[in-house]
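Written out below as structure tokens is the structure these notes cover.
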Amino acid sequence: MPKVNTSVSRQPRRAILPGSGQRTTLTMVAQRAGVSPSTVSRILNGTAQVSEEKQALVKAIIEELGFRPDPAARSLAGGRTMSIGVLTQFIDSPYYGEALRGIEDELHKANYVPLFVSGHWNEAEEENRLFMLQERKVDGIIVLTGKLSNDTLVDMASRVPVVVTGRQLTAPNLFSIDFDNAEGARLAVRHLHALGHRRVAFISGPLDHPDAKQRLEGYKLELDFREMESDDALVVYSDYQEAGGFRAMNSLLDQRIQFTAVLAANDQMAYGVRLALHRAGLRVPEDVSLIGFDDLPHSAFTLPPLTSVRQSVYEIGTSAARAMFDLLSKVKPPSRLVEAELVIRESTRICRR
């Protein structure tokens with residue numbers, strides 16, 4: 001058996017070839033798959049423009065041979081750090097957590113590493129974190145909604161690829177993914193109308209969030225279209241948090257505002273609404289129907305299971321990561337407006353009064 005040279009300076013880091021004592025190299029993987037080493041490299045970093053079948057074959061051979069690329073070597077060879085910066089708002093948020101999981105899962109497939117930072121819905125802090133990521137030499141930046149100006153995002157995209165969610169924005173080296181918030185709210189009101197509800201309270205998110213404005217707009221548009229009762233007293237502005245939903249519902253109850261159903265602008269506030277109704281001796285859905293927004297994973301397991309407007313936050317995360325790979329490959333990502341879907345569970349029922 002030939003003697004293996006293990007000198008770090010002369011020999012690339014390699015995985016052990018099962019059963020042979022040899023170490024697997026990228027060239028070995030390429031030869032087994034019948035492709036060039038550069039194709040294997042591009043498949044590993046997510047920039048290959050080859051068929052899914054070919055990618056699946058190469059990845060299967062990589063797994064079979066136990067090949068593990070050296071991140072440092074790949075970075076030097078490709079001029080990349082194999083890292084993507086991700087600017088979220090609250091890293092401990094159930095909503096943003098789902099998006100982060102989607103991003104991380106998708107990046108992992110291409111052996112990229114995410115760098116997560118939080119902006120806490122503060123424009124100055126978001127801008128600070130954005131430039132911090134750039135200084136870390138990340139290959140691209142994904143921005144999950146936030147208060148950054150369009151000009152700031154366009155300027156950053158002139159330096160590094162940017163994918164932003166929660167807005168519609170067009171610029172070179174930048175891609176945006178938005179969700180049809182207004183239509184989602186209209187779907188919810190339409191469902192309640194079909195159940196016979198005419199006075200529907202709305203717990204709004206903070207109006208410095210574009211999606212909160214859009215959801216409120218959709219609610220009002222559908223009320224008018226269905227000729228339902230439109231009353232400013234039915235709208236309470238809150239903060240997208242569970243405690244905020246609890247406080248908003250208590251405010252409505254304290255003022256003795258009459259309603260038969262509630263639409264909360266996100267699931268987290270709907271959880272707080274549900275608790276406030278329970279504390280007031282009101283049952284969901286027997287006394288009050290309740291709809292949330294986002295369809296977080298926990299919403300299927302609340303009591304009762306929550307009817308909610310579904311936007312797959314996990315899917316938004318994976319879509320953002322895929323769009324980033326397209327930008328890195330100098331390919332224009334496909335247009336992406338995530339459609340709303342109403343998931344009907346047990347928190348809504350026919351109006352009895």
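None of the figures in this text is laboratory data; all of them are computed from the coordinates on show. Please read all numbers here as calculations on a predicted model, not as lab measurements. Cβ coordinates were reconstructed from backbone atoms using ideal geometry, including for glycine residues, and neighbour counts include every protein chain displayed.
Take every Cα-Cα pair in the range 259-353 and report what % of them are more than 19 Å apart. Don't skip to the answer; put the middle values down first.
On the way: 2136 of 4465 pairs.
So the portion of pairs separated by more than 19 Å is 48 percent.
In debye, nearest 20: dipole of the chain around its Cα centre with unit charges on the Cβ of K, R (+) and D, E (-)?
Details: 42 positive and 43 negative charges, 303 e Å.
In debye, rounded to 20, the chain gives about 1460.
Rounded to the nearest 500, what is the 222 nm mean residue ellipticity of the chain from helices alone, with -39500 (n - 2.57) per DSSP H run of 4+ residues and division by all residues?
-13000 deg cm²/dmol
Using the alpha carbon gyration tensor of the chain, what are the three equivalent-ellipsoid semi-axes (square root of 5 times each eigenvalue), largest first, in whole Å? Write out the running numbers ahead of the final one.
Values: eigenvalues 477, 88, 58 Å².
Three semi-axes, in Å: 49, 21, 17.
Starting with the highest mean, order 245-251, 91-97 by the number of other Cβ atoms within 10 Å, averaged over the residues of each peptide.
Details: 245-251: 22.1, 91-97: 16.7.
Result, highest mean Cβ count within 10 Å first: 245-251, 91-97.
Note down the net charge around P114, summing +1 for each Lys or Arg and -1 for each Asp or Glu among other residues with Cβ under 15 Å from its Cβ. Please list the in-between numbers first.
Working: positive: R80, R101, K109, R129, R136, K137, R322; negative: E98, E104, D105, E106, D139.
The answer is +2.
Could you work out how much longer the chain between E286 and K137 gets when fully extended? Use 0.36 nm per residue separation minus the Cα distance between them, nm to one decimal. Spell out each step's value before the answer.
On the way: separation 149, 0.36 × 149 = 53.64 nm, distance 5.56 nm.
Value of the extension gain: 48.1 nm.
Check the chain and count each lysine pair with an alpha-carbon distance under 26 angstrom, considering only pairs eight or more places apart or from different chains.
Eligible lysine pairs with Cα atoms under 26 Å apart amount to 15.
Can you give the local net charge around V58? Use residues other than it whose beta-carbon is closer than 14 angstrom to its beta-carbon, Lys and Arg +1, Asp and Glu -1. Display every interim value, and only then the final one.
Working: positive: R32, R42, K54, K59, K109; negative: E52, E53, E63, E64.
Net local charge, V58 excluded: +1.
Within 12 Å, Cβ to Cβ, of D208, how many net charges do the neighbouring residues add up to if Lys/Arg are +1 and Asp/Glu are -1? Each step should come with its number before you reach the end.
Working: positive: K147, K213; negative: E123, D211, D239.
Net charge around D208: -1.
Measure out, as a whole number of angstrom, how far apart the alpha-carbon centroids of the range 184-214 and the range 270-318 sit.
13
Once phi is turned into ³J(HN,Hα) by the Karplus curve 6.51 cos²θ - 1.76 cosθ + 1.60 with θ = phi - 60°, what whole-Hz value does each residue of the range 255-270 show in order, with x for glycine and proline?
7, 6, 6, 8, 7, 10, 8, 10, 10, 9, 6, 7, 5, 4, 5, 4
Sort M132, M28 so the one with the fewest other Cβ atoms within 10 Å of its own Cβ comes first.
In order of increasing Cβ crowding within 10 Å: M132, M28.
By how many degrees, between 0 and 90 and to the nearest 10, does the Cα long axis of helix 181-194 differ from the longest principal axis of the chain?
Relative to the chain, helix 181-194 is tipped by roughly 40 degrees.
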